[in-house]
Amino acid sequence: MTRLRSDDGRDRAALAQAVLAPLTRAAMFLVASINPNADCYATVRSFAADLGGLIRAVSARDPEAGLTCTIGFGSEAWDKVFGLPRPAELHPFREIRAETRHALATAGDVLLHVRAARMDMCFELVTHCMERIAEAVSIVDETHGFSYFDARDLIGFVDGTENPRDEVAVEAAIVGDEDPAFIGGSYVIVQKYLHDMSRWNALAIEEQERIIGRKKLSDIELSDEAKPPYAHNVLTSIVEGGCEKKILRLNMSFGQPGSGEFGTYFIGYSRSPRITETMLENMFVGRPKGNYDRLLDFSTAVTGGLFFVPPLTFLDQD
Ligand code: HEM
């Protein structure tokens, strides 16, 4: 049964930052390290408290564009920015190595995930954010993502179809009574993947479909008999105690065709990082070991980070 309210009656979704906002045509992902001194941590803390006002100001210029921004914090920075309490499951991104496959961890104390129907709205908001924090942080990665045709990723498949919706999304992505100080928070894992498009395109469409577990053009799921055990949607299906465990994915395409860069920015919000970590383990190591995700023969992770997106009420306590 899904429970949208905490034990004390609060609405979990209403406490959350805009984690549950829909997939948009444009997004920006900014990962930054905070320069290690007390003033810089204080600057970021006060920026986080004011972020809601910045979003409202930019959003008012075109409310239809659905501008949202979530801010997350990495494990190492948490104590320095906020002190106690600390989210129960916040820890550094756990690397995975298996044969040639590597889910690497990269630096990053703060994540900004900006979404809108128009890239100029994302651009404008991030410009204002940087005016506030540029002196206090060093940018580790900035990726500008776009939705490719009908929400496809650059390997040509529709991405996001099996995402949870409505109350199922709240249940999957928003922290509940298990961590009372952080009800309304969310854990988010990001990884930037680069695709070897010429090798991927050299595969027969039927083999690509077996790797993903869905039909490429129609997006229809393959039957259980047609799906190989290594299909992406087999390895990322997690069932615990008879219940399917979902995460909320808002992947975007990015790239620079002129210089041969083609990628997918993976971003997955979850109520517990353990669910996304189990999916990663299945993809990289295999379930069982060796039965890994063949998508990784054509995709290389170049970043990896885990962040906690605190509830709005927590950010407001400056
Ligand atoms: C190279 C990066 C990735 C690409 C291109 C990709 C692409 C896709 C596509 C096309 C689908 C099928 C449509 C859908 O249900 O959304 C899918 C499903 C899914 N992916 Fe990924 N994905 C990537 C990485 C990841 C990672 C790193 C995770 C988790 C750690 C993940 C978790 C999932 C889940 C949970 C599903 C839904 C499975 C189901 O219930 O059917 N994906 N992905």
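The values are calculated or read from the model by the stated rules, or taken from the named source; none is laboratory data. Just so it is clear, the structure is predicted and the values come from calculations on it, not from any experiment. In this analysis, Cβ positions are derived from the backbone assuming ideal geometry, glycine residues included, and neighbour counts consider all displayed protein chains.
Of the set (1) without any contact (Cβ under 8 Å) to a residue 24 or more places away in the chain; (2) surrounded by 18 or more Cβ atoms within 10 Å (Cβ to Cβ), all apply to M28 but (1). The criterion of at least 3 residues that are touching a Lys or Arg at 6+ places or on another chain (Cβ under 8 Å) is met by the following helices (runs of 4 or more DSSP H) wholly inside segment 1-110: 38-59, 75-82. Of all residues in segment 55-96, those being touching a residue at least 60 places away in the same chain (Cβ under 8 Å), more than 22 Å from P180 (Cβ to Cβ) and surrounded by fewer than 18 Cβ atoms within 10 Å (Cβ to Cβ) number 5. Here R199 passes the criteria (1) under 19 Å from L280 (Cα atoms); (2) within 14 Å of the ligand (Cβ to nearest atom) except the one numbered (1). Of the residues making up segment 1-25, those that are small (G, A, S) and touching a residue at least 60 places away in the same chain (Cβ under 8 Å) are S6, A13, A14, A16, A18, A21.
For I189, the conditions (1) surrounded by 22 or more Cβ atoms within 10 Å (Cβ to Cβ); (2) β-branched (V, I, T); (3) within 15 Å of the ligand (Cβ to nearest atom); (4) over 16 Å from the mean Cα position of the chain (by Cα) are fulfilled apart from (4). Only one of the numbered conditions (1) surrounded by fewer than 19 Cβ atoms within 10 Å (Cβ to Cβ); (2) within 11 Å of the ligand (Cβ to nearest atom); (3) under 21 Å from P288 (Cα atoms) is not met by E221, and that is (3).
Here is the figure for segment 238-271: residues that are within 11 Å of the ligand (Cβ to nearest atom), more than 25 Å from G185 (Cβ to Cβ) and not aromatic (F, W, Y) total 3.
Cβ-Cβ contacts under 7 Å between residues 6 or more apart (or on different chains), taken from a first residue in segment 97-111 that is over 21 Å from V81 (Cα atoms) to a second residue that is among the aromatic types (F, W, Y) and outside any loop (DSSP other than H, G, I, E, B), are listed as A98/F284; R101/F284; A103/F284. Sub-6 Å Cβ pairs linking a first residue in segment 294-312 that is in a strand (DSSP E or B) and of a type in the set (S, T, Y) to a second residue that is within 11 Å of the ligand (Cβ to nearest atom) and modelled with pLDDT of 95 or more, at least 6 apart or interchain, are S299/Y193; S299/H195; T300/L194, ordered by first then second residue. Looking at segment 54-104 only, could you name the residues that are of a type in the set (V, I, T) and closer than 30 Å to M119 by Cβ? Listed by number, the residues that qualify are I55, V58, T68, T70, I71, V81.
Among the residues of segment 148-168, not one is touching a strand residue (DSSP E or B) at 6+ places or on another chain (Cβ under 7 Å) and away from the ligand (no atom under 13 Å from the Cβ). So, of the residues in segment 293-318 that are surrounded by 21 or more Cβ atoms within 10 Å (Cβ to Cβ) and of a type in the set (S, T, Y), which turns out to be farthest from A231 (Cα to Cα)? By that ranking, first place goes to T303.
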